[in-house]
1. How big is the shadow of the Cα convex hull of segment 197-275, averaged over all directions, in nm²?
2. Whose amide H sits under 5 Å from the amide H of VAL220, counting only residues 5 or more places off or on another chain, with H placed in the peptide plane?
3. Could you give me the radius of gyration and the Dmax of segment 110-163, taking only the C-alpha atoms into account and expressing both in angstrom?
4. Determine, at each q value in 0.27, 0.30 (inverse angstroms), the log₁₀ of I(q)/I(0) that the Debye formula gives when each Cα of segment 40-88 is one equal point scatterer.
5. Give me log10 I(q)/I(0) at q = 0.06, 0.10, 0.13 Å⁻¹ for the chain, Debye formula, one equal scatterer per alpha-carbon, no solvent.
6. So what are the ³J(HN,Hα) numbers for segment 424-430, from phi and the Karplus equation (6.51, -1.76, 1.60; θ = phi - 60°), rounded to whole Hz, Gly and Pro as x?
7. Quick one: which residues, 5+ away or cross-chain, put their amide H under 5 Å from the amide H of GLY286? H built at 1.01 Å from N.
8. Restricting things to alpha carbons, find the Rg to Rh ratio for segment 323-414 using the Kirkwood radius for Rh.
Amino acid sequence: MSTPQTTPLTTEAAREKVAAILPGIRSDLEDLVKIESVGADPARRGEVDRSAEAVRALFAAEGFDAEIVSHEGGFPAVLAHKRTTVEGAPTVLLYAHHDVQPENDHADWDTPPFVPTERDGRLYARGAADDKAGIAAHLGAIRALGDDLPVNVTMFIEGEEELGSETLPDLLATYKDRLQADVIVIADSGNWDIGIPALTTSLRGLVRLDVEVRTLTHAVHSGMWGGLAPDALIALSRLIASLHTDAGDVAVEGLHSGPAADVDYPEERLRAESGAAPGLEWIGSGSAVERLWTKPALSITGLDAPKVDGASNTLVPAARARISMRIAPGDTTANAEACLRAHLEKHVPWGATLSMRTVDTGEATAIDATGPHYDVARSAFTDAWDGTEPVDMGVGGSIPFIAEFLESFPAASVLVTGVEDPDTRAHGANEGLHLAEFERVLVAETLLLSRLGGA
């Protein structure tokens, strides 16, 4: 870390500065949320472009050299730089993304999804948390520090994270020299609970396969051939059932599992946050956080089969399923996919024809969150949350681009933070940002930048 050049802000001073700029940041966030930057919808590609320009303008107004960049065929990202006058100051890269998930059925929302609406201390809208609040958090810390910014800052605001960051590796390679940093802050995760901050230190990876089982060349009468020829749905069902033990553990051999942090996940929180039906039993073995963070998980997320209504008395000749497998930190997508394919080939019943297609993959991530930069981050979080130390938590979902940053910038300290909480409902209807927690996030990031420059 650098030789001390500046005097870091006190916690009280950071709170005062954040309070002064918060109304403007809230307004900027709401303006961003109103832009329907849904990259998955070709009809709204122009909205993604408009969102990128709005983000560029916000940071240009703060004195950044800001531009919009993209790779051929990709969506627009914002790349911006601002240098401090402090000699020998470290460089901090701040990441977020401005594209959002589709809002899906508007009838599921209590208020229109692109009209930011405050209710009971939350701001509801698509992107209000994931991840336009990440942009606003970075902007707020910069604005709070103003001319006293003690570090060099690079902004990288991606435009296709919700589409899998397909061109991110190309952008990182193209602009690698301009993205070099001592510390990378990725604001795309969340906190352990309201009032309890967190650093995300592990994320599971992803392997998705489309699997087809064929038993017949064409449909035949179930009365004439049932009892001799198996239908494809029965064969596929038996194959799917082979993927778990009776206890619900993943039965695919060769997958990695690991220990998780010693964090208590109360039963009432698990049931409330998961939406578990009354009487549902959990599957698998080990602690709740191990099953959610550091062990593989396997789900069927799609199924092609005739509808019940109108179904005829015929044996179905072929059936398809989409298998979504989360892989534990420490495993690789290459190993996990090979193990899954081998299992399916071994267990397909009755000589049925099996075909498989890889949909997509994403590597798991494990971060060694030790060292002086992480110590600074933990102190900033602790002070922003009134003495509550941050939890090192895992995430059961996948953010594959984090592995890209770790690979591209191995010398940097990567801090995965965020604005979400257990009731944010990112990707779902009624996505909401807890406004009091958002203010604490602003204070924490202001303290973090201040202390990185003065340490």
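Laboratory data are not the source of any read-out in this text; all were calculated from the coordinates shown. Note that this is a predicted model, so its numbers are computed, not measured. Quick reminder, even Gly has a Cβ in these numbers, built from the backbone with ideal geometry, and neighbours come from all protein chains shown.
1. The directionally averaged projection comes out at 9.6 nm².
2. LEU315
3. In order Rg, Dmax, the Cα atoms of segment 110-163 give 14.4, 43 Å.
4. Log10 I(q)/I(0), no solvent term: -0.99, -1.09.
5. -0.29, -0.77, -1.20
6. For segment 424-430, the Karplus curve yields 5, 6, 4, 6, x, 5, 6 Hz.
7. none
8. Radius of gyration relative to Kirkwood radius: 1.17.
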